[in-house]
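Below: the structure, in structure tokens.
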Amino acid sequence: MTRLRAQTVVDTAFHSPCGKFTDVRWAETRVVGYFGYTECKLRNTAGNCDRFRIDIDEVEMATSDHVASQRRQTFCHELGHTLGVNHDSGTNYPSGGGVADTAHSCLRNGRVPSAGKPWHTRYGPHHIQKHINPWFS
């Protein structure tokens, strides 16, 4: 949350025990073929997702060449989905703020190609300006 807050206009903190009104629930489970998966579990009357479940597959994660970096990227990636950000894949990355570098974002799909890159824990300008900040502004 600290990294998310440092990158965006998110300035809200809410601490409570997990219960039926928890916004995001994390679970370690098998998600064969994926490192993680985010699912909307409850929609509000406006049709927006009000409660998410994020499944993380540590067994699949262990197959990565760069396990620690893959874990950081996957957690950032899945949390991004709860903030309304979609996938970027291939070479068709949107640009934001005049900087076409969302290829260097944790919302990039797939295995991390190398260890310890800043984008493993960062959202691209497009994600921040067009998805995350409007959600909280």
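The values are calculated or read from the model by the stated rules, or taken from the named source; none is laboratory data. Keep in mind that this is a model prediction, so the values were computed, not measured. Positions of Cβ are backbone-derived with ideal geometry, glycine not excepted, and every protein chain shown enters the neighbour counts.
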Exercise for the section: For the stretch 95-102, state whether one or more residues are modelled with pLDDT under 80, under 14 Å from the mean Cα position of the chain (by Cα) and not β-branched (Val, Ile, Thr). Expected result: no
Problem - Given (1) surrounded by 13 or more Cβ atoms within 10 Å (Cβ to Cβ); (2) farther than 22 Å from Lys130 by Cα; (3) touching a strand residue (DSSP E or B) at 6+ places or on another chain (Cβ under 8 Å); (4) modelled with pLDDT of 75 or more, index of the condition Met61 fails - result: (3)
Handout entry: Which listed residue, of Phe52, Phe35, Phe75, is buried (at least 18 other Cβ atoms within 10 Å of the Cβ) and in contact with a Gly (Cβ under 8 Å, 6 or more places away or on another chain)
Key = Phe75
Completion exercise
Exactly one of His66, His127, His81 is at pLDDT 80 or above, crowded, with 17+ Cβ neighbours inside 10 Å and within 15 Å of Gln7 (Cα to Cα), and that residue is His127
